[in-house]
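*Asks:* My questions all concern the structure below.
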Amino acid sequence: MVHSQNNHAGIANDFSFLADRAAWVRRCVVDLAAIAGSGHIGPALSCSDVLVNLYYGYMNIDPKDPQKIDRDRFILSKGHACSALYPILADLGYFPIDELNDFTQLHSILGDHPNMLKVPGIDFSSGSLGHGLAVGIGMAEAARFRKTGERVIVMLGDGELNEGQIWEAAGYASARNLGSLLAIVDKNQVQVDGNTADVLNFEPLNKKFVAFGWHVEEVDGHEFAELQSALERFDSRRAAADAAPTVIIADTVSGKGIPFIEGMAEWHIGYLAGTDYDRAIDGINAVHAKG
């Protein structure tokens with residue numbers, strides 16, 4: 001069962017606060033996989049720090065008014081990692097936190113991919129990989145037309161970059177100078193079929209995005225200071241009429257926070273029970289205690 005924490009308003013540079021939230025989210029990821037009997041543990045844990053940084057310390061959003069017109073839009077294109085996003089939305093007040101305990105169960109609003117028609121705070125129903133960036137482009141074009149100034153943020157998996165539609169969208173975004181569009185690549189080097197370098201090696205990612213006309217930032221996806229600085233640089237650039245879209249390539253570790261599954265493709269999906277569950281929670285707590 002997922003245990004509640006007090007709701008908090010985020011503070012961008014309070015990294016101790018963000019680390020506390022990230023540890024709680026990781027414990028929730030393990031609990032949600034146990035409730036469902038399976039879950040995308042590896043890719044949810046790899047992007048937890050990025051999601052925490054965005055939702056508690058960066059985005060212009062309002063849980064009391066989830067549909068406000070000038071809100072920042074977020075698309076979890078790698079929707080299978082939703083077990084790291086749902087706890088954040090619940091903690092911020094988009095829906096009761098008790099909903100987490102019915103994750104993937106019959107009649108629950110929380111499926112194993114987010115549904116914008118059921119879950120408050122979700123801007124796009126993701127499922128099949130590769131669509132999120134193109135949808136984000138539409139949102140960025142709409143924001144430009146309305147002159148409402150919101151940012152559009154799309155989180156992609158590095159394995160997802162194997163999809164050709166991503167690169168069609170990347171070319172279009174730069175041709176249209178969509179400076180308000182930010183892609184974040186969760187580069188955890190693992191996908192369902194194995195290590196990304198072995199399935200289809202797309203390195204060097206930075207040079208590929210530059211070739212498509214994007215501004216590129218590279219950070220440690222588990223360091224809040226680096227993430228926040230990259231987001232601030234994005235904000236300093238995006239308002240220019242000729243600004244290119246920005247991509248943050250976040251180097252992350254699949255299964256981050258649980259030492260005995262970190263970096264293992266075998267733990268892209270699964271669940272932990274019994275002594276393994278206890279070891280996982282102990283591992284998360286120990287990593288958090290070290291700071």
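*Asks:* Please indicate, with yes or no, whether at least one residue in region 207-223 is open to solvent by 40 Å² or more (accessible area, probe 1.4 Å), of a type in the set (D, E, K, R) and out of contact with any helix residue (DSSP H, G or I) (no Cβ under 9 Å at 6 or more places or on another chain). Lay out the reasoning, then the answer.
*Replies:* Just the residues of region 207-223 that are open to solvent by 40 Å² or more (accessible area, probe 1.4 Å), to begin with: 207-208, 210-212, 215, 218, 220, 223.
From the residues that got through so far, the ones that are of a type in the set (D, E, K, R) too are 207-208, 218, 220, 223.
Remaining after also requiring out of contact with any helix residue (DSSP H, G or I) (no Cβ under 9 Å at 6 or more places or on another chain): 207.
Within region 207-223, one or more residues are open to solvent by 40 Å² or more (accessible area, probe 1.4 Å), of a type in the set (D, E, K, R) and out of contact with any helix residue (DSSP H, G or I) (no Cβ under 9 Å at 6 or more places or on another chain).
*Asks:* Still on this structure, please answer the following. State whether the residues of region 59-70 include one that is open to solvent by less than 10 Å² (accessible area, probe 1.4 Å) and either touching a Leu at 6+ places or on another chain (Cβ under 7 Å) or under 24 Å from Val247 (Cα atoms) (or both). Talk me through it step by step, then tell me what you get.
*Replies:* First, the residues of region 59-70 that are open to solvent by less than 10 Å² (accessible area, probe 1.4 Å): none.
For region 59-70, residues open to solvent by less than 10 Å² (accessible area, probe 1.4 Å) and either touching a Leu at 6+ places or on another chain (Cβ under 7 Å) or under 24 Å from Val247 (Cα atoms) (or both): absent.
*Asks:* It is to be established whether one or more residues within region 88-106 are open to solvent by 10 Å² or more (accessible area, probe 1.4 Å), under 21 Å from Ala265 (Cα atoms) and not acidic (Asp, Glu).
*Replies:* No, every residue in region 88-106 fails to be open to solvent by 10 Å² or more (accessible area, probe 1.4 Å), under 21 Å from Ala265 (Cα atoms) and not acidic (Asp, Glu).
*Asks:* If you don't mind, there's one more thing I want to ask. Determine which single condition Gly149 fails, assuming it passes every other condition in (1) at pLDDT 95 or above; (2) over 17 Å from Ser48 (Cα atoms); (3) open to solvent by 10 Å² or more (accessible area, probe 1.4 Å).
*Replies:* Unmet for Gly149, out of (1) at pLDDT 95 or above; (2) over 17 Å from Ser48 (Cα atoms); (3) open to solvent by 10 Å² or more (accessible area, probe 1.4 Å): (1).
*Asks:* Still on this structure, I have one more. If you go through region 156-167, how many residues are in a strand (DSSP E or B) and among the small types (Gly, Ala, Ser)?
*Replies:* Of the residues in region 156-167, 1 are in a strand (DSSP E or B) and among the small types (Gly, Ala, Ser).
*Asks:* Return the pairs, sorted by first residue and then second, in which the second residue is of a type in the set (Val, Ile, Thr) and in a helix (DSSP H, G or I), the first residue lies in region 149-163 and is over 9 Å from Ile75 (Cα atoms), the beta carbons are less than 6 Å apart, and the residues are 6+ apart or on different chains.
*Replies:* Matching pairs, first to second residue: Asp158/Thr196; Gly159/Thr196.
*Asks:* Of these, Ala142, Ala134, which one is of a type in the set (A, V, I, L, M), open to solvent by 20 Å² or more (accessible area, probe 1.4 Å), over 19 Å from the mean Cα position of the chain (by Cα) and closer than 28 Å to Ala244 by Cα? Working first, answer last.
*Replies:* Values: Ala134 fails: over 19 Å from the mean Cα position of the chain (by Cα).
Answer to the check: Ala142.
*Asks:* Next question. Consider His288 against the criteria (1) open to solvent by less than 50 Å² (accessible area, probe 1.4 Å); (2) out of contact with any Cys (no Cβ under 9 Å at 6 or more places or on another chain): it satisfies all of them except one. Which criterion is unmet?
*Replies:* Status for His288: all satisfied but (1).
*Asks:* Cβ contacts < 9 Å: first residue without any contact (Cβ under 8 Å) to a residue 60 or more places away in the chain, restricted to region 265-276; second residue open to solvent by less than 20 Å² (accessible area, probe 1.4 Å) and assigned to a helix (DSSP H, G or I), any location; separation 6+ or different chain. Result?
*Replies:* Taking only residues 6 or more apart or on different chains, the pairs are Glu266/Gly42.
The values are calculated or read from the model by the stated rules, or taken from the named source; none is laboratory data. Only a predicted model underlies this, so the values are computations on that prediction, with no experimental measurement involved. Glycine gets a Cβ as well: all are built from the backbone with ideal geometry, and neighbour counts include every protein chain shown. Surface areas here come from the heavy atoms of the whole protein model, side chains and all, with no ligands, DNA or RNA. Shrake-Rupley method; radii C 1.70, N 1.55, O 1.52, S 1.80 Å.
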